[in-house]
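Worksheet for the structure shown next.
The values are calculated or read from the model by the stated rules, or taken from the named source; none is laboratory data. The model shown is predicted, which means the values in this text are computed figures rather than measured ones. Cβ sites come from the backbone with ideal geometry, for glycine too, and all protein chains shown count toward neighbours. Each accessible area value is taken on the protein alone, full model and side chains, heavy atoms only, with ligands, DNA and RNA left out. Shrake-Rupley method; radii C 1.70, N 1.55, O 1.52, S 1.80 Å.
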Amino acid sequence: MADTTNRMLTMAEAVREAMTIAMNEREDVFLMGEDVGIYGGAFGVSSEMQNKFGADRIIDTPISELGIVGAAVGAALAGMRPIVEIQFSDFTAQAMDQIANQAAKIHFMLGGALHVPLVLRTPQGSGTGAAAQHSQVLETWFANIPGLKVVVPSNPADAKGLLLSAIDDPNPVIFLEHKLLYKIPGRDAVPEGVERIPLGVSKVLRHGSDLTIVATGIMVNKSYEVAEKLSAEGINITLIDPRTISPLDMDPIHESVQQTGRLLVVQEGPSHGGFINEVIARVSESASFGSLIAPIKRLAGMNIPIPYAPQLERAAVPQIEDIEVAAREIVKNWR
Amino acid sequence: MTTIQLLKGHPLSSKEHASHALLYMWKIRKFEEAVEDLFGRGMMHGTMHLSIGQEASPTGMCLALDLADQITSTHRGHGHCIAKGADLTRMIAELLGKKIGYCGGRGGSMHIADVETGNLGANGVVGGGIPIAVGAGLASKLQKKGTVAVSFFGDGAMNEGAFHEAANLAAIWKLPVIFFCENNHYGMSSSTEKAFAIEKLADRGLGYGIPGVTVDGNNVVEVYEAAEAAVARARNGEGPTIIEAITYRWKGHSRSDKNLYRTKEEIEEWKHKDPLPRFISIVLEKGLLSQDEIDAVQQQAHDQIVHAVNEAVKAESAEPSGLLDAVFKKVGA
Ligand SMILES: Cc1ncc(C[n+]2csc(CCOP(=O)(O)OP(=O)(O)O)c2C)c(N)n1
Ligand SMILES: [Mg+2]
């Protein structure tokens, strides 16, 4: 349905709106996390929500990540639909037993007897000068654990629709929000009502016949800028945002690679073992491989912890200029 | 490059000790004010966690330590670092992303470590340093070094699993460890009333067989006396102690804090319990230092900070080249 209200929300506002809708729709949804109440969460995502829903549904917790994720797993098993906010994705490490060994495996391991309708929302990414323990992009960790669905929204409209689906989903969903997107309005208006976006459907942001770019999270936005700029030079780019990296919808990627013959994949996290390698592998082992006229190019974070100083931090992850250079080179060098 | 002039001992034991304790508290205060200023002027990026109002705790604790004793610190770690004897220029330089900074610009405010003064590092992870201090205590015991390891952490950190597992290890192995909890009443927005079902956080040790003391964390004398006793216990092989220092942070948790979870009156009330005038009045009363001498110490702290900022601002910026080589220590090097 076309949006007529032209609501240019930020990611924080869109996520808040989705949580608010879900909590109004269903009694069993609640939010739990450190400082999510009066503080509104470290990034203000749940700002004012405690006033609306009370302290029993917007629950402030002590600093106990393992405990709160475990309690969310338990509440989910017992019939609730918890949303947990972990203040920084880096601290999912504290809760990893409950995420990886419990939530992800319970449905399968117990023969389908139980399931875990849990959403774990958490901010990730660099660019804030918060250094190595507050800046990681960990989407790859979660994508490597069967039993978790992993959502990486790149814009407010998607964040709202995807989060609504994540809350409805009967399985554990890891929802990774980029900090730098919280405060800026997206390119597209956010639909006012309840419009769910299904998990597991890639989005094609723009079509072009020269190059396919597949990017995740904030790299989608950076790639978009590059695509717009290069179109003025006659380089036409198809940009695909998988949105959910697990399960992964490869169909539009194959389709596009078969048309363009060139593929550039971009992620913020380190390249070694990174999610984008999965995209490359799937293209390589499919018929799409035969359509390639250029070697596949990968842009990712350096294989280092995120450094503090701004000039170092910038160097550690792909920037718009890096994407531009890579895109131009692939198209110019492989004709 | 560091000239470490730590003077151990009771802050009221001599003129020198009194002015030393005062100097360190003032250095911390003025350092934090300088950081706030650099931040306000856009010269520093990222975030900052200031310890203004809490200066007596790290100062009192570190007055009971030898240079070889080790500490682990927190996101709010500038005070711990300074109290243990760190070089102010290298600290500011780190915050400004300079090559001569303690971490070469790679760590920033939350990750300053200083091997020379036994500082094993601040930490961005709440509770992250607690088991590490226990490990340092274990190494001290195994190597018969006689050193003590102190873990500084906040009230909030006491609710992390890391604290509980670490406390038990230290207790059963009787390690030379001090769990120094700076109870400033809040973990970000969450008050200790909401986050704990007990009144004295020092009681958390009971379940592990660790004695705990609660002291006025804004009184450097009281903090020192508890610290000295805990250090003696640790060195005697009697095991760990929990020290809970009651204090208060004047500033927001970090730069994004709107202070919605506490009242202006509460903040004002605690400003009247400022650890600096507190100690000064004791010192004056005891006749250990004159007002002129006190003013001179304050001036000295001021000069040291100004010097550090000037040097750090002039220093060369850290460069991205070589980052890849920095991940691992070279084997055999
Ligand atoms: C494991 C972990 N969880 C959450 C955070 C975010 N965080 C940083 S400081 C802080 C509050 C810490 O409170 P406390 O331990 O009392 O120390 P204080 O800030 O009061 O000095 C929180 C929640 C973190 N850094 N690490
Ligand atoms: Mg605290």
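Filter the range B:145-195 for residues that are more than 14 Å from B:Gly239 (Cα to Cα) and more than 16 Å from ligand 2 (Cβ to nearest atom); which is farthest from the other protein chains (Cβ to nearest Cβ)?
Among them, the one singled out is B:Lys145.
Residue by residue through the range B:17-30, note down the ones that are out of contact with any helix residue (DSSP H, G or I) (no Cβ under 6 Å at 6 or more places or on another chain) and under 16 Å from B:Lys84 (Cβ atoms).
B:His20
Checking B:Gly77 against (1) within 16 Å of ligand 2 (Cβ to nearest atom); (2) more than 14 Å from chain A (Cβ to nearest Cβ), only one condition comes out false. Which one?
Evaluating B:Gly77 over (1) within 16 Å of ligand 2 (Cβ to nearest atom); (2) more than 14 Å from chain A (Cβ to nearest Cβ) leaves (2) as the failure.
Which of the residues belonging to the range A:76-133 are among the charged types (D, E, K, R) and away from ligand 1 (no atom under 15 Å from the Cβ)?
A:Arg81, A:Lys105
From the list A:Ala131, A:Ala157, A:Ala166, A:Ala113, which residue is within 30 Å of A:Tyr224 (Cβ to Cβ), outside any helix (DSSP H, G or I) and small (Gly, Ala, Ser)?
A:Ala131
Quick one: would you say B:Asn159 is under 15 Å from the mean Cα position of the chain (by Cα), within 15 Å of ligand 1 (Cβ to nearest atom), of a type in the set (S, T, N, Q) and within 30 Å of A:Val69 (Cα to Cα)?
It is false that B:Asn159 is under 15 Å from the mean Cα position of the chain (by Cα), within 15 Å of ligand 1 (Cβ to nearest atom), of a type in the set (S, T, N, Q) and within 30 Å of A:Val69 (Cα to Cα).
Let's see how each residue does on (1) within 21 Å of A:Val69 (Cβ to Cβ); (2) within 14 Å of chain B (Cβ to nearest Cβ); (3) open to solvent by less than 10 Å² (accessible area, probe 1.4 Å); (4) of a type in the set (A, V, I, L, M):
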{"position": "A:Val84", "(1), (2), (3), (4)": "yes, no, yes, yes"}
{"position": "A:Arg121", "(1), (2), (3), (4)": "yes, no, yes, no"}
{"position": "A:Gly129", "(1), (2), (3), (4)": "no, yes, yes, no"}
{"position": "A:Val137", "(1), (2), (3), (4)": "yes, no, no, yes"}
{"position": "A:Lys149", "(1), (2), (3), (4)": "yes, no, no, no"}
{"position": "A:Ala166", "(1), (2), (3), (4)": "yes, no, yes, yes"}
{"position": "A:Tyr182", "(1), (2), (3), (4)": "no, yes, yes, no"}
{"position": "A:Gly186", "(1), (2), (3), (4)": "no, no, no, no"}
{"position": "A:Pro191", "(1), (2), (3), (4)": "no, no, no, no"}
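When only residues in the range B:175-217 that are touching a helix residue (DSSP H, G or I) at 6+ places or on another chain (Cβ under 8 Å) and charged (D, E, K, R) count, which is farthest from B:Tyr248 (Cα to Cα)?
The extreme case among them is B:Arg204.
How many residues, within the range A:275-299, are surrounded by fewer than 15 Cβ atoms within 10 Å (Cβ to Cβ), closer than 14 Å to A:Arg262 by Cβ and under 21 Å from the mean Cα position of the chain (by Cα)?
Within the range A:275-299, residues that are surrounded by fewer than 15 Cβ atoms within 10 Å (Cβ to Cβ), closer than 14 Å to A:Arg262 by Cβ and under 21 Å from the mean Cα position of the chain (by Cα) number 0.
Can you name the strands (runs of 3 or more DSSP E) wholly within the range A:1-88 that have at least 1 residues being over 28 Å from B:Gly124 (Cβ atoms)?
Here the list reads A:29-33, A:81-85.
Considering only residues of the range B:28-70 that are more than 16 Å from ligand 1 (Cβ to nearest atom) and within 14 Å of chain A (Cβ to nearest Cβ), which is surrounded by the most Cβ atoms within 10 Å (Cβ to Cβ)?
Among those that are more than 16 Å from ligand 1 (Cβ to nearest atom) and within 14 Å of chain A (Cβ to nearest Cβ), it is B:Met44.
Out of B:Thr147, B:Thr117, B:Thr89, report the one residue that is at pLDDT 95 or above and open to solvent by less than 10 Å² (accessible area, probe 1.4 Å).
Every option except B:Thr117 fails the conditions.
Among the residues of the range B:300-333, which ones are touching a residue at least 60 places away in the same chain (Cβ under 8 Å), open to solvent by 50 Å² or more (accessible area, probe 1.4 Å) and at the interface with chain A (Cβ under 10 Å from one of its Cβ atoms)?
Residues satisfying the conditions are B:Ser317, B:Glu319.
Could you list, ordered by first residue, the pairs with Cβ atoms under 6 Å in which the first is in the range B:246-270 and free of Cβ contacts under 8 Å to residues at least 24 places away in the same chain and assigned to a loop (DSSP other than H, G, I, E, B) and the second is away from ligand 2 (no atom under 13 Å from the Cβ) and not hydroxyl-bearing (Ser, Thr, Tyr), at least 6 apart or interchain?
Correct list of pairs: B:Gly252/B:Asn259.
Does the range B:221-245 hold any residues that are assigned to a loop (DSSP other than H, G, I, E, B) and without any contact (Cβ under 8 Å) to a residue 40 or more places away in the chain, and which are they?
B:Asn236 - this is the single residue of the range B:221-245 that is assigned to a loop (DSSP other than H, G, I, E, B) and without any contact (Cβ under 8 Å) to a residue 40 or more places away in the chain.
Identify, by number, the condition in (1) away from chain B (no Cβ under 14 Å); (2) within 25 Å of A:Arg26 (Cβ to Cβ) that A:Trp141 doesn't meet.
All conditions are met except number (2).
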